[in-house]
Structure formats: C-alpha cells, structure tokens
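Have a look at the structure below, then the notes.
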Amino acid sequence: MDITPVYELKTRLRAAMIAGTNLLSEDFRLKKAAEGFAALSGSSPVFAKINAMTERLLSENSPECLLDTITLVDAVITTLGTAEVKGELVDLPDNGCSSVIVNAPYSRLSAVLDALTTSGGGQYNAFMEVKNNDPELLNDYRVKPALVKGLSASYSEFADEVASTLTDMGKDMLPLLKRGFDPKGKKDMLRRAEVIENLGGAEENEFYLEQLENAEKDVRKALIYALRHDECNIDRLIELAKTEKGKSKTAALYALASFDNEKAAAFIEEYAKKKPLEVIDIMEQTSSEWSSKLTARLIDELLVDDKGNKITLSQAANVEKIKLGSKTDFWHLNSAMFGKFGEDIEKIYREFDNKDKFIPMDVRLGDAILETGDEGLKALALELNAGKNTKGCYVYSEAIVRLLGKEDCSKWVEEQVRKVDKKEYARSNEMFNTPIIKAIRLIALKDGKFVLMQQHYDVIKDRWHYTVSIPTEYPVRETLTDIFIKYPAIFDSMLAAWADPEDRAYCQKLADVFVEHAVSKSSTYAGSLTYLNKLGIINIKGLALQFCKNHNDYNKWAVTGFFNILPGDNEYKLAEARELIELWRSGKLKTAMSENDINYFAEWVETRFA
C-alpha cells in the first residue's frame, strides 16, 4: 500500500497550523491532499477516522478540529515506522526454487530458521508449532534452504517430519534438493534421495543414474531402488543384481521384481532356482501375474518339514509344532502372498484349513484385494466367508469387498460390529484387532472422497507407507455414520476425521454425540473434547457443569485437565470455571475436592484464562 498521501496530508495540515484556520477554505493544496488521502480511507478504521476528521475540518474551519486531526495523523505516522535505507536494489538470491518473501516479523521467521539450522533440544516442537500454526512461513525463500538442511537433524523423528514437509511442498523443491547433493553422503543425503524419488519418480531417472556412478552405502541402495520407476533401467538393474553385494544387491532384486515385464520376470525366476528363500521374501512387495504364479510355486516347494515330509500350509501355520526344512516359516510364506492373484493363489486359500478363524489368512486376502482390485479374489472372499467349513473366517476380506462395492452393506456391517461389541475384551486393542473393526478403520476421507487406506512395510526403505484404494462408490458417510455413533469407544476418532468443516449440519450431528460422550460417567473426556475442537464446535454453554455433575469424584487435576482442552476461548472458559467455583463454594454442587483444592483451581483459572 502506498502511504505517500499520509505524509502529504501531514505537510498540508502543518502548513495550515502556521497560516491559521481562517485561510483553510482557500487552501487548495490541503483540499487536494485530502482528496488523495480519501482513497486510503477504506483500508483501515483509523484511516477512515482521519478522512472523516479532515472532511469536518474543511467544512467547519475549527482550530480544535485541526489540532485533533494533525495529532491523530502524527500518531499514525509514528506507528508506521518507515525508514530509508541507502543503496541499490538487488535481486533476491536464486535458491533454485520460487523466491517468496512472507510478510511476517523476523521474530516469527527466526523461530523456524533456528529450529532447522541449529542443534539442541526443542527444535522439533518449535518446528511443529510453526508448521501447525503458521504454515505460510515455510514458503519463505529463506526457510526453503533451511528445510533441506533440516534433513540432517540428529533427532530422526524431526528429520522425517522435515522430509514429509518437503514432499508435501511439491516438485518446486526439486532444484533445491538436487543442488549440492553428495552421493557419498550419509543420512541426510539418503533422506534427500528419498524425497527426490517421492517427488520426481521416473522423471528424475537421469539424476539417479548420474549420481549412482559415485554413490556409496545407503545412498547407493536408495538410488538403485529408485530405478524401479522406469522399465528402461531393467538391463542396468540386472547388471547391478549380478555385481552388487549386500543391501545394494537386494535393492536391485526388489526393483527388478516390481516390473511386470518378461525380461525382469525371467531373471527373477532363474535366480529363484538358486536362491528360493531370497525370492520368497522379495515377493512380498510385488504384484503381477508372473510373480503370483512364481509365489504359488515357491510356497509349494518350500512346504517340507525339517524331517523331509511334505506338509500343507495349514500345518505350517502351527509354528510351535511344525518346523520347515528350509530357513523360512509360515509368516514368510504368508507375507509373500501380498498382492498376489490368479487361480494358483486362489487354490492356496481354498485348501487352507481355517476352521479356527486364523486371521492372518483373512487379512492377507483382504489386503490383496485392496492392492489389486482383482475380481477373482473378491468372489473368493465372499465364497470363503459363506462356505461350509470357513463360514465367518473371512470377515475382513468380505468387509473390504462390500465397502468397495455399490450395494448397501449397512445391515451386514452393523451385524458384524454388534457381534464384536457383545464380547468382553481384556484390552481395547484386542477389539481393534478384530477383523470387522480392522476393515472399517481403513476407511479414510482423502481429497473429498472416501478410500480404504492400508499400511505396508517397505523393506528397502525400512519404513511403513500407505497404499490407497480407488475411491469407493459406496455412500459411506450417509449409510454408516448412524451405526458407528452407537459405538463411541471404537469409532469416534474415525467419525471426527470424516467431518467436513463446511458441512455444518454433519458437524453439529457429531458434536451432539461427542458432547454426550465427553460428559458421560464412563468418559475419559479427552478424545471427545479434541474432536469437538476439530469440528469447530466451541464455547458450549454448561459443558463443564454437566461434566462435574456426572463426575462428583473428580479431583483438581482432572478438572484442570478438562479445562485445558475444553474447546473455547479464554473468556468462555473463565465464565464456565467461575460458575463452577461459585456452585462448589455455596454447596449447590457436590464435589470431592477440598476447600484448598477449590482455592487452587480458582487461582489457576484466573492465572490461566483471565
């Protein structure tokens, strides 16, 4: 905003003070300055007030009005605090990405810069505070290079968070990430390589090949693995699989196995003749027709016990009694079936004796359906879960088929959830690990559409990652919300994640439920209050009072904890707390707290919220 009219108005007002108000009506320069300033009147309330005072001055010629106007103009100019710096304008430094200056005080900017470029305690929390509350600061041209430097943070969780942030910022960060890349570097360069791969994929293939020439150790492994994005690398990967050793060799094999390509398949199949155990492990990250047939064949070959007897996969599942002759076990064979499909694989599922509802086979089938979308596997899941000898053994798989379909499955889902809810579990995580709950909790709202998201472990990158199904055509929110509301201990967090802040009717519907859960006698309240805040439902009158009525055995720590996360502003929290304190002291509301506890809470409230 050009503030020159402010200074022009000040000059003319001072001239008017010298000349006297009798000449104001003839001062055309003041009138012109007032007209120039009028254009700024809509930019702020104080400018609007100056404009009104100037108009009044020109109409009334009042000395008092002149004094008031120039006093206010002087005050505003003081707060503007402009300064002149001598020298030539220079371009911003080229950091390889877009140069953006964020309009923020350096005190705010320095917090994130210090977190990313210095060592010591507190950097992670400082960075997360900026990321959550002032994310626009991360776009500043001074912060972007610091983000790349932050990949070298000694605290791995912090460095991983920075890597995730850089990935979210998109391809514009690639030039900065590639600048100064050291293929012989350590952990920070490994993270750089992974972020570059995540952002660039096959588009950065020339970069991977160029850096690979001098790469060492883990960076070399990462660059070799990145070659899996482009089939033109198959010959180079075959060469690397023959010449590399250790982790780099393994990365080359995994990369080759990921291609749905005859040449790559032929090499892996030939390699399996000599190293079947290595290949069975590699199969857990592949999904193709050839890898499915190879997996089925290797499983059959490896199903021999330590005495040389041929056994079934069902027998191998009894790992405490049955030992395989090779250095593998049921779990490796089961993992290899991930993403596999076709008649040979379907035969393995049909022949497995699942009379004890052995969940790993159910989960493996369901995950394979998510990974492939194969119609044969979908039909198999429905067949097995309704079969005479396997009825109820493939609930997870059937749930995934139904959730990905179009037909209304709400009655079936509620029936399965009700069965789980009737049972008593020693620990809550046991309930979450039941097949139907595991399947339902895969539902996620992503980019405005419902998908099923599962985690899968990447052996080469040594980390978990999400795989996302195609958007489901089933009306998830419309048909399942009313069911899940009945089971707060299981689904509250998921329902809150589904909420669209723009859909106020849906948010209010959930809010009514979360309020009820927050104040109920069996509630731990923390989750429900957090969900209310996420929905944007705040300043709920009487919420604290209702909680205290239902929990008359609370102590001062429980009450302070409740108010710390109570969704609302300080004025609201203060009013709620003062009402409680008055009721306690008058004896109108029962409490297990002593007078000293009440006094402690009262003092804490005034300090915290007043």
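The values are calculated or read from the model by the stated rules, or taken from the named source; none is laboratory data. Here the structure is a predicted model, which means the values were calculated and not measured. Glycine gets a Cβ as well: all are built from the backbone with ideal geometry, and neighbour counts include every protein chain shown. Just the protein is used for accessible areas: all its heavy atoms, side chains included, with ligands, DNA and RNA removed. Shrake-Rupley method; radii C 1.70, N 1.55, O 1.52, S 1.80 Å.
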Cα-Cα P(r), region 423-569, percent of pairs per 5 Å interval: 2, 8, 16, 17, 17, 15, 12, 7, 4, 1, 0
My understanding is that a pair violates if its Cα-Cα distance is over 25 Å; which of Lys534/Lys588; Lys273/Lys378; Lys541/Lys588; Lys378/Lys411; Lys327/Lys391; Lys171/Lys245 do that in this structure? Lys534/Lys588; Lys273/Lys378; Lys327/Lys391; Lys171/Lys245
Over region 277-355, what lengths in whole Å, largest first, do the semi-axes of the equivalent ellipsoid take, defined as the square roots of 5 times the eigenvalues of the alpha-carbon gyration tensor? 20, 14, 10
Diffing region 307-323: the Karplus 3J(HN,Hα) column from phi (6.51, -1.76, 1.60, θ = phi - 60°), in whole Hz with x for Gly and Pro, holds 9, x, 8, 6, 10, 9, 5, 4, 5, 5, 5, 7, 5, 6, 9, 10, 10
Hey, how many Å between the Cα centroid of region 170-221 and the Cα centroid of region 580-608? 60 Å
For percent of Cα pairs over 37 Å apart, one of (i) 42; (ii) 59; (iii) 38 was computed from the structure I shared and the rest are decoys. Which label? (ii)
Give me the one-decimal nm value for the distance between modelled label points at Asp512 and Asn125, 7 Å along each residue's Cα-to-Cβ direction. 4.0 nm
Accessible area (Å², per residue) of the chain, counting only protein heavy atoms and a probe of 1.4 Å: 53 Å²
The Rg/Rh figure for region 104-234, Cα atoms and Kirkwood Rh, to two decimals is 1.01
Straight-line reach from Lys307: which aspartates and glutamates fall under 18 Å, measuring Cα to Cα and dropping same-chain residues less than 8 apart? Glu320, Asp329
Distance in nm between label sites at Asp114 and Asn205, each 7 Å beyond Cα in the beta-carbon direction? 4.7 nm
So for each of 114-121, 555-562 I average, over its residues, the number of other beta carbons within 10 Å; can you give me the resulting order with the highest mean first? 555-562, 114-121
Percent RCO, i.e. relative contact order, over the chain, from Cα pairs under 8 Å lying at least 6 residues apart: 5 percent
Please compute the contact order of region 114-234 in relative form: average sequence separation of alpha-carbon pairs under 8 Å and at least six residues apart, divided by the residue count, as a percent. 19 percent
For region 474-515, how big is the tail of P(r) above 17 Å, as a whole percent of Cα pairs? 20 percent
Between Phe450 and residues 5 or more places away or on another chain, the pairs with built amide H atoms under 5 Å apart involve Thr472
R0 = 51 Å: FRET efficiency of Tyr141 with Asn550, Cβ-based, nearest 0.05? 0.45
Calc'd 3J(HN,Hα), region 405-418, phi into Karplus 6.51 cos²θ - 1.76 cosθ + 1.60 (θ = phi - 60°), Hz, glycine/Pro = x, comes to x, 10, 6, 5, 10, 4, 5, 5, 4, 5, 4, 5, 5, 4
Sorted list, accessible surface of protein heavy atoms, 1.4 Å probe, largest first, for Ile359, Ile470, Ile345 is Ile470, Ile359, Ile345
I need the peptides 445-457, 230-242 ranked by packing, meaning the mean over residues of other C-beta atoms within 10 angstrom, with the highest value on top. 230-242, 445-457
If R0 = 41 Å, then Lys588 and Lys49, at their Cβ-Cβ distance, give a FRET efficiency to the nearest 0.05 of 0.25
Given the Cα atoms of region 270-402, and with Rh set as the inverse mean 1/r over their pairs in the Kirkwood sense, what is Rg to Rh to two decimals? 0.96
Show me 266-279, 526-539, 286-299 ranked by packing, highest mean number of other Cβ atoms within 10 Å first. 286-299, 526-539, 266-279
If the cut-off is 22 Å between C-alpha atoms, which lysines fall inside it for Lys10, apart from same-chain ones fewer than 8 positions away? Lys31, Lys32, Lys49
Binned Cα-Cα distances of region 211-278, short to long, each 5 Å bin given as a whole percent: 4, 19, 32, 26, 13, 6, 1
On the full set of protein chains, 1.4 Å probe, figure out the accessible area of Val519 and give it in Å² to the nearest 10. 10 Å²
Residues with amide H under 5 Å from that of Asn539, placed H, sequence gap 5 or more: Gly568, Asp569
With a ≥ b ≥ c from the Cα gyration tensor eigenvalues, square-rooted, and the rule rounded for a/c under 1.5, otherwise prolate when a/b > b/c and oblate otherwise, region 191-333 is prolate
Straight-line reach from Lys178: which lysines fall under 25 Å, measuring Cα to Cα and dropping same-chain residues less than 8 apart? Lys131, Lys144, Lys149, Lys186, Lys187, Lys217, Lys221, Lys247, Lys249, Lys461
Could you tell me the largest-minus-smallest coordinate of the C-alpha atoms of region 318-387 on each of the three principal axes, in descending order and whole angstroms? 35, 23, 18
When a/c is below 1.5 the answer is rounded, else prolate if a/b is larger than b/c, else oblate, so apply that to region 456-540 with a ≥ b ≥ c taken from the square roots of the Cα gyration tensor eigenvalues. prolate
FRET efficiency for Glu213 and Trp464, using Cβ-Cβ distance with R0 set to 25 Å, rounded to 0.05: 0.20
Spin-label pair Thr4/Tyr106, simplified geometry with 7 Å Cα→Cβ offset, distance in nm: 2.8 nm
How high is the relative contact order of region 224-355, in percent, counting Cα pairs under 8 Å that sit 6 or more residues apart? 22 percent
Rounded to the nearest percent, how much of the accessible area of the chain (1.4 Å probe, protein heavy atoms only) is carbon and sulfur? 49 percent
Hey, quick one: spin label on Val319, modelled 7 Å out along Cα-Cβ, who in region 350-377 has an amide N within reach, i.e. under 20 Å? 352-368
Length released on extending from Arg179 to Ser326, taking residue separation times 0.36 nm less the Cα-Cα span: 48.2 nm
Integer Hz, Karplus 6.51/-1.76/1.60 couplings in order for region 213-219, x for Gly and Pro: 4, 10, 6, 9, 6, 5, 5
Residue separation between Glu473 and Lys32 times 0.36 nm, minus their alpha-carbon distance, gives in nm 152.2 nm
